[in-house]
Amino acid sequence: MAKLDLEWLAVFDELYKTNSVSRAAERLGLAQATASIALNKLRLHFGDKLFTRTSKGMMPTPRADALYPELRDIIERLEAARGFRAEFVPAQSNREFHISITDISEIVLLPILLNRLQKVAPGIRLEIEKTADDSAIRLASGEVDLAVGFMPHLEAGFHQQILFTQNFVCLAARSHPRIANKLSRAAFLNEGHIVVRTSGTGHWIVDKVFEQQGMQRKVVLRLPSFLGVAHIVAETELLVTVPRKLGEKLVSQEEIKLLAPPVPLPSFSVKQHWHERFHADAGNIWLRRTIAELFATHHGRQPVQDPA
C-alpha cells in the first residue's frame, strides 16, 4: 500500500461512484488522460482490471468491489487527519452536472438556473434528462447528480429537500366561447379535456380525486409532455388541469386563462433528491443549495436548510 499514490486512490473512489473515467476526472479537476493513467497504474498495482467497460459504463470487477470499502476507509481517515474537505469553486469549475427533471421544471426552473450559472459559474455545463422509472438507479450510480420533481418512489433511501409546495389549476383559452372567469362542475364535465401523463408531476393525484368525485372527463387528447399544452389550449376549446406554477408561467406566454378547478384538489411537494454516496460531494452540495436558494428567492420565501 505504501507505493499507492493518493491521486490514484481518489480516481478509484470517483470511478467507483460514477462508472465513468471522464466524470471521475471532472469531479477531481483532472484531465481525462491523467485519470486514465492513474487507472492503468492501479490495475498494474493490484493485478486486476478493476473496472470493465459495459453498456452501463465502467463497472467494478469483484476485486474492485472487495477493495472499495478498504480504500474508502483509507481516504476518509486521511481526510479526517488533515481536516480536509474537497473544495468546489463555482467560478473556476468546468464540471458538467446531470439533472433529472420534469418538463414542468424544465420550463420553470431551467431559465433561472441558467441565468444564475452564467453570472457565478460560467464554465459549468448541464445535461438534462426527463425523470423516469430508472431515476433511482441512475442517482445511485452517479449518472445523475440530482432529480427534481414529485417522486414519492425516491423518498426511501435518498436524501430529499422540499423546494416548494403547489396545487392544481385549470387552463382554458381566453376566447373560450362558454368558459368565462369561473369554472363550474357542469361546465367542466361538458367540455373536452387534455390529459398529460408524464413522470414526476403528480397527475395521478388529479385522476384519483376526479374518480372519487364521480367526475368522468371527456378526454379528447392525451399527451406525454406539458411542453406544447398551452398552445393547444389557446388554439382550441379544450381544457387541461396542470400544476399551479406551470399554469402561472404559461398564462404569460399564451392566450389562455387560469381557473380554479370545480372541486378542491390536494397540494403536493416538489423536492430535489440525491443519493447518500454524493451527500458530502462539494459540487453536489453547491448545486442543490443553489437550486433551493433560487426557488426561495423566486417565490419570496426563506430557503430550506440543506441537510448536508
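So here's what we get for this one:
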item: Checking Met59 against (1) farther than 19 Å from Asp281 by Cα; (2) part of a helix (DSSP H, G or I), the condition it does not meet; result: (2)
item: Filter result (among the β-branched types (Val, Ile, Thr), in contact with a Pro (Cβ under 8 Å, 6 or more places away or on another chain) and either surrounded by 14 or more Cβ atoms within 10 Å (Cβ to Cβ) or assigned to a loop (DSSP other than H, G, I, E, B) (or both)) within the range 106-128; result: Ile124
item: The range 282-298, subset in contact with a helix residue (DSSP H, G or I) (Cβ under 8 Å, 6 or more places away or on another chain) and farther than 16 Å from Gln161 by Cα, residue modelled with the lowest pLDDT; result: His298
item: Matching residues, the range 16-33, being farther than 22 Å from Pro90 by Cα, free of Cβ contacts under 8 Å to residues at least 60 places away in the same chain and open to solvent by less than 50 Å² (accessible area, probe 1.4 Å); result: Tyr16
item: Yes/no for Arg178 being basic (Lys, Arg) and touching a Ser or Thr at 6+ places or on another chain (Cβ under 9 Å); result: no
item: First in the range 135-152 and closer than 17 Å to Arg27 by Cα, second anywhere and among the aromatic types (Phe, Trp, Tyr) and open to solvent by 20 Å² or more (accessible area, probe 1.4 Å), Cβ under 8 Å, 6 or more apart; result: Leu139/Phe158
item: Unmet requirement for Phe164, which otherwise passes all of (1) in a strand (DSSP E or B); (2) open to solvent by 60 Å² or more (accessible area, probe 1.4 Å); result: (2)
item: Given (1) open to solvent by less than 10 Å² (accessible area, probe 1.4 Å); (2) farther than 13 Å from Ala260 by Cα; (3) touching a helix residue (DSSP H, G or I) at 6+ places or on another chain (Cβ under 9 Å), index of the condition His193 fails; result: (3)
item: Answer from Gly157, Gly142, Gly149 - the residue that is under 12 Å from the mean Cα position of the chain (by Cα) and on the phi > 0 side of the Ramachandran plot; result: Gly149
item: Count of residues meeting criterion [among the charged types (D, E, K, R) and surrounded by 14 or more Cβ atoms within 10 Å (Cβ to Cβ)] in the range 129-157; result: 5
item: Residues (at pLDDT 90 or above and basic (Lys, Arg)) located in the range 186-207; result: none
item: Breaking point among (1) at pLDDT below 90; (2) more than 26 Å from the chain's Cα centre (by Cα); (3) assigned to a loop (DSSP other than H, G, I, E, B), for Arg77; result: (3)
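The values are calculated or read from the model by the stated rules, or taken from the named source; none is laboratory data. Small disclaimer: the values here were computed from a predicted structure and weren't measured. All Cβ positions, even for glycine, are placed from backbone atoms using ideal geometry, and neighbour counts span all protein chains on display. Ligands, DNA and RNA are stripped out before the accessible areas are found, and what is left, the full protein with its side chains, is counted by its heavy atoms. Shrake-Rupley method; radii C 1.70, N 1.55, O 1.52, S 1.80 Å.
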